[in-house]
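Below is one structure, written out as structure tokens, with a few remarks after it.
What follows draws every value from the coordinates through simple rules; no lab data is involved. Here the structure is a predicted model, which means the values were calculated and not measured. Note: ideal-geometry Cβ built from the backbone for every residue, glycine included; neighbour counts use all protein chains shown.
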Amino acid sequence: MLVATALAVVRTQSLFATAMLSGVFSLLSALLLVVLDAVDVAFTEAAVGAGISTVLMLGTLALTRRFESAPSHSPAIPLFVVLVTGATLIYGTLDMPNFGSATAPAQVHVAPEYLERSVHEIGVPNIVTAILASYRGFDTLGETAVVFTAGIGVLLLLSGLRRRRRNKREDV
Amino acid sequence: MQAIDWEFVVGHINYWLFIVLMMTGFYIVVAKGNLVKKIVGLNIFQTAVFMLYISIGKVTGGTAPIFPLDMNVDPAVVYSNPLPHVLILTAIVVGIATTSLGLALIVRIREEYGTIEEDEILKIEKEMALQDVRQHSEVIGERG
């Protein structure tokens, strides 16, 4: 279903439909994340991916336009590049451990320590929260800094939009 | 010839599916001229990478990494790896920040050029460059 949605995004020319489909894609991926035991991530994906980014997308479309024009050059070269990249990536996965394997390197390195120690060191039932806010607190601080910077950037880019429009109208 | 190792295929098909999704997003970014569509493609690529990471953290028979409220942890219960979840949580939020910045840039570009198609923007840029060159050569010609 995810693949079908992604392919629909490739096919459609209506940007409104594209925005909606990207929301559907986020929601489906949130479902998949629940299946993969990542409930916190699924919450975030559903709220951020399906909610906020769809709203932002629609806002942009309201300020720009609704349809894309037909592509002017052939898709052969991009298709070739994409296929080669995909083949390389698949070749890279051949060395990876089986899905769900409990002895995979990712499972035996630091993860068990987090699981063991956060019980008496942090005392928060949700381990993801414990790691996010405590062990990797600086990471989260950096993340908020990034979001803050992006917010400033958006404000700077969009500030004066109305003013400039009014000036243009007066010129005409 | 060796028969297909089904255990291997089933154990890796999740990675392959996510790579297919990733490449779909990549194709949209490379091949489509519309800037909004490029952003959507980037989002698809991003989400596919997220799911790849989360699927690495999954343990068969495991459950979500949340302890019971009384904190009496049963050692028999298997939890999935919480570390990828944390990293991806951060990545999702950073992703929406970059998406919003990209969309704001698109609004600005539309304001300046009157279009959000890559081809048309390139055409306008080329004309502007040509005009610059012509003006420049006129100035030089006067001097000569």
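How well do other chains shield peptide B:119-128, expressed as the mean number of their Cβ atoms within 10 Å of each residue Cβ?
Counting other chains' Cβ atoms within 10 Å and averaging over B:119-128 gives 1.
Multiply the residue separation of B:Ala129 and B:Glu142 by 0.36 nm, subtract the distance between their alpha-carbon atoms, and state the gained length in nm to one decimal.
Gain in length upon complete extension: 2.7 nm.
Volume per residue, Å³, of the convex hull around the alpha-carbon atoms of region B:1-58?
Dividing the Cα hull volume of region B:1-58 by its residues yields 72 Å³.
Which whole number gives the average, over all residues in A:47-54, of C-beta atoms from other chains lying within 10 Å of the residue C-beta?
4
A:Ala47 versus A:Val35, label points 7 Å from Cα toward the beta carbon: distance in nm?
2.5 nm
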